[in-house]
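What follows is a set of notes on a single structure, which appears directly below.
The values are calculated or read from the model by the stated rules, or taken from the named source; none is laboratory data. Quick caveat: nothing in here was measured; it's all calculated off a predicted structure. Every residue, glycine among them, receives a Cβ derived from its backbone with ideal geometry; neighbour counts consider all protein chains shown. Please note that ligands, DNA and RNA were not included when accessible areas were found on the heavy atoms of the full protein model with its side chains. Shrake-Rupley method; radii C 1.70, N 1.55, O 1.52, S 1.80 Å.
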Amino acid sequence: MWVLLIGTIVVLSFTHWLYRWRNPKCNGKLPPGSMGFPLLGETFQFFAPNTSSDVPPFIRNRVDRYGPIFRTSLVGRPLIVSTDPDFNHFIFQQEGHLFQSWYPSTFTEILGRKNVGSLHGFMHKFVKNMVLHLVGPENLRKMISEVEAVATTRLTQWSSLESVELKDETASMIFNLTAKKLISYDSENSEENLRDNFVAFIQGLISFPLNVFGTAYNKCLQGRKRAMRMLKNMLQERRANPRKEQTDFFDFVLEELAKDGTLLTEEIALDLMFVLLFASFETTSLAITLAIKFLLNNPHVLEELTCEHEGILKARENPDCGLTWGEYKSMTFTFQFINETVRLANIAPGIFRKALRDIPFKGYTIPAGWSVMVCPPAVHLNPEIYVDPLAFNPWRWKKSKLNGASKHFMAFGGGMRFCVGTDFSKLQMAVFLHCLVTKYRFKAIKGGNIVRTPGLQFPDGLHVQIVEK
């Protein structure tokens, strides 16, 4: 009798728990969708590989079934996914009021608990202003000649080789430049290869979050641990042997740490350096590699791009002088080309926020505490916004805004958290393209197949032969 009673209670309790899981409480009407399996949610479906260049099947199938705003659960957390331009815009505009930046705990473990994306309010603004000290307009003006010199040197080296694996080589080029600006890091004279730790980190960045030895996620965490150890050792060495003048961003950070009453802590400073090193080279090298892939597949685009940059050379009074800021700002078609590249690249798999209170929108209620994921690929590949969205067409930007974000373009985020490194990334892309198309011819040797993880795509093993004109 007691066994039967206990069994009945267990079954009823499980049934009630399962019902509550599938039908979460809400002071209104939840967006439609499925919460998937208990605890796991729809995590496995989300991380399923995607071989197309279109919107990931996980998103596309649910939009077809539920509409542009739907609910799901990833890694046991309830989530609202938005492909609705109006809702996306609303989310970005309400940063700090109705929504705040949020990322899954597994993602935070990777990027650091005190990374700039996890900071809010005045603290976020404070750190953002620190980064502008490095990549603000005035510093970029001074940096353009150095960026050109690095691109010229690398292209000269590559032209002497049978071929180069473009993604890895451009990542190395940008990493070395950025690491020099940030921490005066010299890969040739360092006892440990800092970038190798970031390679291990990147390989597991967007993977199933299973922290077991041998998994991509575990290797990612180990890569972060080694990189952070190197950065911490550098910080301690700088403190023990301070420099008389600022020579890099690390000096600026240390000066801030030494101030009385500073908001900056050592943990925030180290997480900031880590994120800047990662974001500055990985995303830009992906964009450059995809840009070259698009040029190889679209000769008419290459012709137009080359024409613009050769025109810059012809207009110079002194043909031997380097690229100027005015010339850089005149690259109209180049910026159209960059916008189209990042639109199709969809490097960010999703932009995450958390609802601070119950939020009504278009007849639905987003419960307080729920996470929200804005899905850029669904916006950038929407045929109602972009005609023939999978086609590479820089001319579509001819009469469009080339800077900032909009309801229909969020390659660099939006609102208060618009990517502070956007202009730095564009500068590196534009200068590299200028050096490439004015002095070299290039062709694909092998590879270049598009590989996609949830929202991230890149040409796998694109080997390119580069020869002087």
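Values computed for the structure shown
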{"read-out": "Helices (runs of 4 or more DSSP H) fully within region 32-109 counting 1 or more residues that are aliphatic (A, V, I, L, M), open to solvent by 30 Å² or more (accessible area, probe 1.4 Å) and over 24 Å from Tyr217 (Cα atoms)", "value": "57-66"}
{"read-out": "Filter result for Glu303 (free of Cβ contacts under 8 Å to residues at least 60 places away in the same chain and either out of contact with any Cys (no Cβ under 7 Å at 6 or more places or on another chain) or within 22 Å of Cys419 (Cβ to Cβ) (or both))", "value": "yes"}
{"read-out": "Test: residue in region 252-260 that is more than 30 Å from Gly461 (Cβ to Cβ), in contact with a Phe, Trp or Tyr (Cβ under 8 Å, 6 or more places away or on another chain) and buried (at least 17 other Cβ atoms within 10 Å of the Cβ)", "value": "no"}
{"read-out": "Residue in region 355-363 that is open to solvent by 20 Å² or more (accessible area, probe 1.4 Å), of a type in the set (Val, Ile, Thr) and either over 24 Å from the mean Cα position of the chain (by Cα) or closer than 30 Å to Arg141 by Cα (or both) present", "value": "no"}
{"read-out": "Subset of region 61-91 (residues that are touching a Leu at 6+ places or on another chain (Cβ under 9 Å) and of a type in the set (Lys, Arg))", "value": "Arg71"}
{"read-out": "Candidates Arg224, Arg229, filtered to the one that is modelled with pLDDT under 85 and either open to solvent by 30 Å² or more (accessible area, probe 1.4 Å) or assigned to a helix (DSSP H, G or I) (or both)", "value": "Arg224"}
{"read-out": "Exclusive hit being aromatic (Phe, Trp, Tyr) and modelled with pLDDT of 90 or more, set Phe122, Phe87, Phe126", "value": "Phe87"}
{"read-out": "Flag if Val379 is touching a strand residue (DSSP E or B) at 6+ places or on another chain (Cβ under 7 Å) and crowded, with 22+ Cβ neighbours inside 10 Å", "value": "no"}
{"read-out": "Any hit, region 380-389, residues being modelled with pLDDT of 95 or more and out of contact with any Phe, Trp or Tyr (no Cβ under 7 Å at 6 or more places or on another chain)", "value": "no"}
{"read-out": "Any chance Asn393 is over 29 Å from Lys142 (Cα atoms), modelled with pLDDT of 95 or more and surrounded by 14 or more Cβ atoms within 10 Å (Cβ to Cβ)", "value": "yes"}
{"read-out": "Subset of region 239-251 [touching a residue at least 12 places away in the same chain (Cβ under 8 Å), surrounded by fewer than 18 Cβ atoms within 10 Å (Cβ to Cβ) and assigned to a helix (DSSP H, G or I)]", "value": "Arg239, Asp251"}
{"read-out": "Residues of region 155-177 that turn out to be β-branched (Val, Ile, Thr) and free of Cβ contacts under 8 Å to residues at least 60 places away in the same chain, as a count", "value": "1"}
{"read-out": "Subset of region 286-325 that is under 28 Å from the mean Cα position of the chain (by Cα) and small (Gly, Ala, Ser) - its residue that is surrounded by the fewest Cβ atoms within 10 Å (Cβ to Cβ)", "value": "Ala287"}
